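The structure appears below as structure tokens.
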Amino acid sequence: MSEPPSSDPRPTPTDQETGAGPSGAVEPRRPSLAPVVVVAGFMVVAITLVLIGAQRSGAPPPSVRIDRPGTPASPRPVVILMRDFLFDPTPFVLVAGETVAITVIDAGLEPHEMVLGDAAVQAAWSAANAAATPPAPFATRPPASVAPDVGGVRVWLDQGQSETVIYEVPVDQELQLMCHIPGHIEQGMIGRVELRPAPEVGPSGAP
């Protein structure tokens with residue numbers, strides 16, 4: 001006696017849906033190449049960025065042209081970015097005897113300071129920061145300070161902060177640019193200062 005036809009209303013899957021071949025055997029599905037293509041694309045982009053960064057780091061710094069030095073009545077605006085752990089730009093170009101308005105920006109992820117001055121100024125702030133370093137973890141940091149006659153200029157900022165200071169550039173000092181927060185100099189946070197001579201002023205008063 002023959003069996004009655006099945007009353008199951010569900011359709012029978014085709015060979016294409018089950019992955020079966022002409023002989024009825026199930027063939028394995030081929031893995032998608034999309035993830036491999038995406039990863040390879042990311043690797044190409046990352047390598048390109050590394051090569052660009054290496055090329056820029058090996059390139060000489062751009063030349064700085066100063067048409068007119070700053071004066072007390074009209075300070076020349078300049079910007080210093082404090083990164084982790086370097087100053088930008090370097091060299092920091094100043095003209096002997098000029099007045100500048102320095103806008104300092106903490107563009108890093110940590111607090112930083114800018115100390116601009118000669119070796120005596122740097123030594124004073126180095127000692128002040130060392131004395132103000134908390135003796136134990138999570139201790140409150142006391143403010144660092146130096147004697148009023150030390151000279152130079154110092155700006156201490158948290159991440160994302162900025163401050164503008166007026167600075168009269170000395171004519172007979174070898175200036176340095178440093179961050180004396182403990183550990184930062186050891187990581188390379190020392191900037192170079194290029195002090196240019198003051199231009200000669202002609203009969204019309206123009207350099």
For the stretch 153-195, the spread of Cα positions along each principal axis, largest first, Å:
32, 24, 14
With a 10 Å radius around each residue's Cβ, average the other Cβ atoms per peptide and rank 149-161, 75-87, highest first.
75-87, 149-161
Quick calc, the stretch 82-161, dipole around Cα centre from Cβ unit charges on Lys, Arg (+) and Asp, Glu (-), nearest 20 debye, gives 160 debye
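Each reported figure results from applying straightforward, stated rules to the coordinates on display, with no laboratory input. Please read all numbers here as calculations on a predicted model, not as lab measurements. Backbone-built Cβ (ideal geometry, glycine too); neighbour counts: all protein chains shown.
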